[in-house]
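See below for the structure under consideration.
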Amino acid sequence: MWQALAQADTLGRGVAGLLLAMSVASWVVILWKVWWLRRVRRGLPQAVAAFWQAADLDDAQRRLEGFDAARVALPLLLAARALDDAPAHTLAVAGDRAQQLTRVLRDALHAVLARLQYGQVLLATVGATAPFVGLLGTVWGVYHALTAIGMDEGFRIEQVAGPVGEALAMTAAGLAVAIPAVLAYNVMGRWIATLEADLEGFARDLRELLAHQ
């Protein structure tokens, strides 16, 4: 690979630099999201269980603050309780209590889900485009190898084998960047889907609780 980069032109080195940047970015996202999602998966069931064991809403909020270290369930309760402080005679308090809670819990839930989905677009983009970026480097390297052969009167297999083999390394590099991103996207996508279902259930139960309080 280093030999191929040493002999590459500006476009070839640009492709290699782009693959390196994509690999670093995807691995940063992968390592951070695995750590954070494991924290959420561990803390959310404990936080929800502690919430329903509380004596009142003040106690429930204190319990969430203690167990919900990732702050994915607490924003739902805070948004619902903030509804009581909304100014009177405004659209924020229009409709019945259930409609008001539905609106504020939906907005808070969407904000939490956006945090859970953070980085997924990058992983999907890297997984989809990295092989083609590597293929571009391969095609460009093969083109230069064939051009060099055409300008030489003699032909030897060594003239093709070395440059073409070095160019094919770009394809391998593209796959090496894409495969971890695709695997991480699929695995974490399943984790996020489970967490979304749990949070939607908590929001629905919280709405039913506060609507009839």
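At 1.4 Å probe radius, can you tell me the per residue accessible area of the stretch 165-213 in Å²? The partial results should precede the final answer.
On the way: 2540 Å² over 49 residues.
Ligands and nucleic acids excluded, the figure is 52 Å² per residue.
In sequence order, what are the phi-derived ³J(HN,Hα) couplings for the stretch 195-209 according to the Karplus relation 6.51 cos²θ - 1.76 cosθ + 1.60 with θ = phi - 60°, rounded to whole Hz, with x for glycine and proline?
In residue order, the calculated couplings are 5, 4, 5, 5, 5, 5, x, 5, 5, 5, 5, 5, 5, 5, 5 Hz.
The values are calculated or read from the model by the stated rules, or taken from the named source; none is laboratory data. A quick note: this is a predicted structure, and the numbers were derived from the prediction, not measured. Note: areas computed on protein heavy atoms with side chains; ligands, DNA, RNA excluded. Shrake-Rupley method; radii C 1.70, N 1.55, O 1.52, S 1.80 Å.
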